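Right, one structure below, let's go through it.
Any read-out appearing in this document is the output of simple, stated calculations on the displayed coordinates, not a laboratory observation. What you see is a predicted model; the values in this text were computed from it and never measured. We place every Cβ from the backbone using ideal geometry, glycine too, and count neighbours over all the protein chains shown.
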Amino acid sequence: MESMNDGRRGIDTTSVAASTLQKPEAFDVCSDGGGSPHLRDSVASILSRWNGLQMAVQNQWGGHDSLNKSHQLADDISSWFSQSKAPLYVEDVENLLHENMLLSFNTDIEDGSVEEVAEQLMDLHEEYLHGSQVTM
């Protein structure tokens, strides 16, 4: 991790050991968000494997409620996916993830993982739209 001049954290998670990851089952999404429970669980599963977000949660870069902020992100994404009438683009998901990390965790992810996670989420969204069984 390197400190940025403007106070944001800039991280490159490519060198982070797997032992620093939070186990997926610890990423328990509340059921009060929008969308189907399967969609929410699948979004939460994808986010639980994202090193940058998990580092931010574990180190409480978003404050004492960092875990709740990560839950809210999963709820927001699943609601957006299930309620959006307009087409969604991967760039929109990338922007949402990037802005959330900056605003909620004061962290700038620079390792390309935002784009990878956005792609995974868009694949999930496509499955959801086509009525496929959503897989985790």
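Below are the figures for this structure:
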read-out: Residues with amide H under 5 Å from that of Asp111, placed H, sequence gap 5 or more; value: Thr13
read-out: Tyr128, Tyr89 arranged by Cβ crowding within 10 Å, fewest neighbours leading; value: Tyr89, Tyr128
read-out: Relative packing of peptides 57-63, 81-87, 121-127 - highest average C-beta neighbours within 10 Å first; value: 121-127, 57-63, 81-87
read-out: Charge dipole magnitude, Cβ of K and R +1, D and E -1 - region 48-136, Cα centre, debye nearest 20; value: 400
